[in-house]
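Trainee: Attaching a single structure in structure tokens format; questions to follow.
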Amino acid sequence: MNLVFSGQKISLNLGDSTVLDDLNFEISAGEKVGLIGSSGAGKSTLLSLLNGQWQPTTGELKIWDKSFAKLKGKRRRKIQRQIGTIYQQLHLVDSLAVVHNVNAGNLGRWSFPKAAFSLIFPLEQKLVQKALEQVGIPEKMFAKTSELSGGQKQRVALARVLIQDPEIILADEPISSLDPQLSRDMMDLLVELCDRRGKTLVISLHSLEFAKSHCDRLIG
Ligand SMILES: Nc1ncnc2c1ncn2[C@@H]1O[C@H](COP(=O)(O)OP(=O)(O)OP(=O)(O)O)[C@@H](O)[C@H]1O
Ligand SMILES: [Mg+2]
């Protein structure tokens, strides 16, 4: 099987506390893995470890069979471009129009001048429009992000990942502000995207029901 992540005896200390302790896991290409756990269990922290934001205090995390900690510079950036994260706090720039926040999914491949130009004359508008259609808010392309509801913002964060088009999607409670129907639509969209394109999904969820119905496997 084609392993995407392999964690061996991983622990992570933040400040004085041990947030993750002796974690062992393997995640294969194309798998959809749900993270389930009570508040404070370490779901967001584990996702931050998988995208390279944190490094294990002890143990080793491998991505595509390479030690994540040993990846530096260009090689690290190349791998990190293939990881798209939907953060629990979304990390959108509220003062910008939606189109710019979605286009942020392109930043990994755009040069600085191109990115700066796009802030004045938004580029790739057709692709942004398509991504916003997929998440059900095409009419919000030029709306100011601060004027969207929580659920609409979550959909902007998902559209940004659609634009990035990474091999691995890490989603941290991406449906927490959505009503039941929208939650189902969003989960269907994520799963369909991953199944169709062979992407790997690691998703933290509070709903055991969705975790069971939409994931291949759960990590608790
Ligand atoms: N930067 C940090 N420094 C110190 N402790 C941290 C830091 N980030 C998280 N923690 C601690 O790590 C633990 C796990 O936090 P984490 O955010 O991963 O939980 P979670 O499972 O995502 O919770 P929730 O369901 O509420 O989002 C918590 O006890 C938290 O206080
Ligand atoms: Mg969390």
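Read-outs throughout are calculated quantities, based only on the coordinates presented, and are distinct from any laboratory measurement. Values in this document were obtained by computation on a predicted structure and should not be read as measured data. Every residue, glycine among them, receives a Cβ derived from its backbone with ideal geometry; neighbour counts consider all protein chains shown.
Trainee: From the helices alone, meaning DSSP H stretches of at least four residues, give me the mean residue ellipticity at 222 nm for the chain, per-run term -39500 (n - 2.57), in deg cm²/dmol to the nearest 500. Kindly include the intermediate steps, with their values, before the conclusion.
Mentor: Numbers: 8 runs with 82 residues, N = 220.
Only helices count here, giving -11000 deg cm²/dmol.
Trainee: Taking 0.36 nm per intervening residue step and subtracting the Cα-Cα distance, what contour gain separates Phe117 from Leu3 on full extension? Please list the in-between numbers first.
Mentor: On the way: separation 114, 0.36 × 114 = 41.04 nm, distance 3.87 nm.
Taking Phe117 through Leu3 to full extension adds about 37.2 nm, to one decimal.
Trainee: Collect residues whose amide H, placed 1.01 Å from N in the peptide plane, falls under 5 Å from the amide H of Ile86; neighbours closer than 5 in sequence don't count.
Mentor: Residues meeting the amide H criterion: Leu170, Ala171, Asp172.
Trainee: Can you list the lysines whose alpha carbon is less than 23 Å from that of Lys70, not counting same-chain residues fewer than 8 positions off?
Mentor: Lys9, Lys62, Lys78
Trainee: Based on the Cβ-Cβ distance from Asp188 to Ala41, what FRET efficiency comes out when R0 is 35 Å, to the nearest 0.05? Don't jump to the answer; show the numbers that get you there.
Mentor: Values: r = 26 Å, r/R0 = 0.75.
E(calc), rounded to 0.05, equals 0.85.
Trainee: Can you give me the Cα centroid spacing of the stretch 162-206 and the stretch 12-82 in angstrom?
Mentor: Centre-to-centre (Cα) distance: 19 Å.
Trainee: Shifting gears a bit: Tell me, what is the percent relative contact order of the chain, built from C-alpha pairs under 8 Å that lie six or more residues apart? Walk me through the numbers on the way to the answer.
Mentor: Values: 384 pairs, mean separation 62.9, N = 220.
It comes to 29 percent, rounded to a whole number.
Trainee: Quick one: how many lysine pairs in the stretch 120-220 have C-alpha atoms under 20 angstrom apart, if they're 8 or more apart or on different chains?
Mentor: Close lysine pairs under the 20 Å cut-off: 10.
Trainee: In the chain, what % of DSSP beta bridges are antiparallel (nearest 5)?
Mentor: Values: 16 of 32 bridges.
If we restrict to bridges inside the chain, about 50 percent are antiparallel.
Trainee: Per-residue HN-Hα couplings for the stretch 142-155, Karplus 6.51 cos²θ - 1.76 cosθ + 1.60 at θ = phi - 60°, whole Hz, x for Gly and Pro?
Mentor: My calculation for the stretch 142-155 gives 10, 6, 6, 4, 5, 8, 8, 6, x, x, 5, 5, 4, 6 Hz in order.
Trainee: Once R0 is set to 30 Å, what does the formula 1/(1 + (r/R0)^6) return for the Cβ-Cβ distance between Gln89 and Ser28, expressed as a FRET efficiency to the nearest 0.05? It would help to have the intermediate numbers written out before the result.
Mentor: Working: r = 29 Å, r/R0 = 0.96.
With R0 = 30 Å, the Cβ-Cβ based efficiency is 0.55.
Trainee: Dividing the alpha-carbon Rg of the stretch 120-161 by 2.2 N^0.38 Å yields what? Mind showing how you got there, number by number?
Mentor: On the way: Rg = 9.7 Å, N = 42, 2.2 N^0.38 = 9.1 Å.
It is 1.07.
Trainee: Also: How many Å³ per residue does the convex hull of the Cα positions in the stretch 120-220 occupy? Write out the running numbers ahead of the final one.
Mentor: On the way: hull volume 10.8 nm³, N = 101.
Enclosed volume per residue, from the Cα hull, is 107 Å³.
Trainee: Given axes a ≥ b ≥ c from the Cα gyration tensor, I'd like to know whether the stretch 1-138 is rounded (a/c under 1.5), prolate (a/b larger than b/c) or oblate.
Mentor: prolate
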